[in-house]
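Read the figures in this text as sums done on the coordinates, not as results from a lab. Small disclaimer: the values here were computed from a predicted structure and weren't measured. Glycine gets a Cβ as well: all are built from the backbone with ideal geometry, and neighbour counts include every protein chain shown.
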């Protein structure tokens, strides 16, 4: 480059450095719009997570005292984002279709592990762990990629009522804690920073959440041979927050980066309708359940669908009882009739009923004393 050309380049750079602040002062600041966009994004995410945090599905079978039963499920949660509430932004952001860089909905995939233990007097207690992993490069929109990680830790206590020929009513109290993050990357082509000044821009956004939910579910189920349909209602209260931040960096050094950040709290109260069915076989049960939001933001538009395996194996006290009868065949419970006695056959893994017990065999009205723990299979 000739000395004259180098001098002209340096002079132009100096001129821009003096003129740019004045030009930017006349243009609406991008950071103001970015902050409002982050307020919208954090609020929409928080409301969706509040409903997902309250999801605690228990397979609709009653478990005998001191038996431990695991189940595993894969679920998808659908959360719509209300684009009609997207903030009105300046013309330069409208020209690059900034709204289209954010999704109109998000899917939350969850892999859950759930372990229950039966307790006396028809109670059970359970712990739950769920993992959501979205790999890098996942396309949220044609122009936006993302990756994320979220985990759920939960505990629940459940009590059973009725059953047998009558429907089984199961009432649970649930506590879940959800925490995680999500990263978003996008870019703008020829974003106007000031009148007559354009530059390509890279954008990086991040969501972080920490939400706790406490709630209760009321589920009614009934056995029909090997099928157990169920339906119920749930209500949960959520607390915590979701924070969102955005940094926009220009490809040229003459334009300063723009930033935006916000934090939102989720809907306090969320209601749900629960429904589904379980199919039982000798060694396991396959269940499919759904949950639809009925109370809170975006009611009847937000839902969760899960499919999973229950009772791949059970281990615990081998002498635990269940009541005889066709509608209780696959539901472990306390004996309720005094004219029948159950016996556990350790060699085959089945309980067989002795309807007409001889007088030498005492009739039991409650489960026998727990024996040492051992690995068993149950029908």
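Where does region 3-317 land on Rg/Rh, using Cα atoms and the Kirkwood Rh? Mind showing how you got there, number by number?
Working: Rg = 25.6 Å, Rh = 22.1 Å.
For region 3-317, the value is 1.16.
Building the convex hull from the alpha-carbon atoms of region 138-296 and averaging its projection over directions returns 13.3 nm². Here the label points at residue 252 and residue 83, each 7 Å from Cα along the C-beta direction, are separated by 3.1 nm in the simple model. Taking a point 7 Å from the Cα of residue 117 along the Cα-to-Cβ direction, the residues of region 155-169 with backbone N closer than 20 Å to it are 155-160. The alpha-carbon positions of region 96-222 define a convex hull whose volume is 131 Å³ per residue. When all alpha carbon pairs of region 182-274 are counted in 5 Å bins from zero, the resulting P(r) reads 3, 10, 14, 11, 10, 9, 8, 8, 7, 6, 5, 4, 3, 1, 1 %.
Reported to the nearest whole Å, the Cα centre-to-centre distance from region 103-125 to region 157-203 is 17. Placing a label point 7 Å from the Cα of residue 263 along the Cα-to-Cβ direction, the residues of region 202-225 whose backbone N falls under 19 Å of that point are 205-213.
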